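What follows is a short report on a single structure.
Every number in this text was worked out from the coordinates using simple rules, so none of it is lab data. Treat the numbers as computed from the prediction; the structure is a model and nothing was measured. Cβ: placed from backbone, ideal geometry, glycine included. Neighbour counts: every protein chain shown.
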Amino acid sequence: MIRQVVYLSTARNPGSDADLTAILDTARAKNGDKGITGLLAHGGTLFLQILEGTPEAIDALMAKISADTRHRSLRVLQDIMVDERSFCGTTMAARTLDPDAAHLIAARLRNGMLPATTIAAVLGDAAEAAFGAQVLKAA
Ligand SMILES: Cc1cc2nc3c(=O)[nH]c(=O)nc-3n(C[C@H](O)[C@H](O)[C@H](O)COP(=O)(O)O)c2cc1C
């Protein structure tokens, strides 16, 4: 079983490509060794991230991410155990985040679980081109 966390947060510097590039570089450099995979979406003032890995690896990373001053008001929308990864082989995919999509996802998650692949499907793919992300591979 794999732990999968979905959270929303508010960027300190909304729309900062420098922050986003640095975060993605770090994520891609570090996540592989820790067995973490996932997706980071950014748009407007919001980040939405999906992280998957062992419960211990997720705990350790969430502690770091929660303390990161590049964002604030982190709220976990979903924290579940799943049979398999949705982002197998992808250390950190990048997506654009339309604020309407973020609010839709948050509202849906208040009423129950949403598969990560469904969340990924409603996110835009412009960031993929802009930041040279690896192709999203849904399991
Ligand atoms: C929105 C956001 C997402 C992040 N995602 C990751 C991630 O997936 N993996 C990672 O190692 N660090 C991520 N970070 C960066 C961590 O907060 C932290 O700066 C980084 O892991 C380096 O920590 P260290 O120097 O203590 O090892 C993210 C930061 C932010 C603001």
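Mind checking the dipole of the chain: about its Cα centre, +1 per Lys or Arg Cβ, -1 per Asp or Glu Cβ, Debye to the nearest 20?
For the chain, the charge dipole is close to 240 debye.
Taking the Cβ of each residue in L97, L74 as the centre, tally the other Cβ atoms inside 10 Å and list the residues starting with the fewest.
Values: L97 23, L74 16.
Ordered from fewest to most neighbouring Cβ atoms within 10 Å, L97, L74 come out as L74, L97.
Name the longest site-free stretch of the chain, where the excluded sites are trypsin sites (Lys or Arg not before Pro) in a DSSP loop with no more than 13 other beta-carbon atoms within 10 Å.
The reported range is 13-136.
How do T10, T96, T90 line up, fewest other C-beta atoms within 10 Å first?
T10, T96, T90
Return the tail of the calculated pair distribution for the stretch 51-100, meaning the percent of Cα-Cα pairs more than 14 Å apart.
For the stretch 51-100, the fraction of Cα-Cα distances above 14 Å is 66 percent.
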